[in-house]
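Accompanying notes for the structure given below.
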Amino acid sequence: TRDVFHPVIPGGYQLGEKMFYTGQDWSYTNGDRLTFGARGEIAGRSCQGDDRDEERVAVLLPGNRAAAQLRLTEMSRAPPPRLAERLGQRLEAALEGRFWEDEGLAAGAGAPSSIGSVGAGAGGSSGSSGPRP
């Protein structure tokens, strides 16, 4: 018999296990995309070769050519709340003055100055930096 090596995947995930992406929407220059709520499949460990591989997992998402290296905090085994519910919760928090606290920001410390700015940052990718360091 031949022994087969199965790498330990962070977060207790198993190869082929289904998961949901819960991070910000993002488009890469090669056309691959990360979309909130997308259902993907665990492809293995992150192999970036840095000290954060234990915090990430390689995930195949529908329509993408390459496995995305996702942080465990950007993934869920359960479907995330619907996008409309998520935006409604954020709007409610903003109207109650809790938005910046929920986002971990102090008002005035990098916080957008208008509702229009809040909406622009809620999805898509207009900046040059990605959702991970």
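Odds and ends about this structure:
- Each Lys or Arg adds one and each Asp or Glu takes one away; over the other residues whose Cβ falls under 15 Å from the Cβ of residue 8, this sums to -2.
- Rounded to whole Hz, the Karplus (6.51, -1.76, 1.60) HN-Hα couplings of segment 59-66, x for glycine and proline: 10, 8, 10, x, x, 8, 7, 10
- P(r) weight above 19 Å for segment 1-73, C-alpha pairs, percent: 34
- For segment 1-92, trypsin sites (Lys or Arg not before Pro) are listed when DSSP marks them as loop and at most 11 other Cβ atoms sit within 10 Å of their Cβ; the list is 2, 65, 77, 82.
- Positive minus negative residues near residue 79 (Lys, Arg vs Asp, Glu; Cβ under 11 Å): +4
Read-outs: derived from the displayed coordinates by stated rules, not from any lab. Because the structure is predicted, anything quoted here is derived from the model rather than measured. Neighbour counts run over all protein chains shown; Cβ positions are idealised from the backbone, glycine included.
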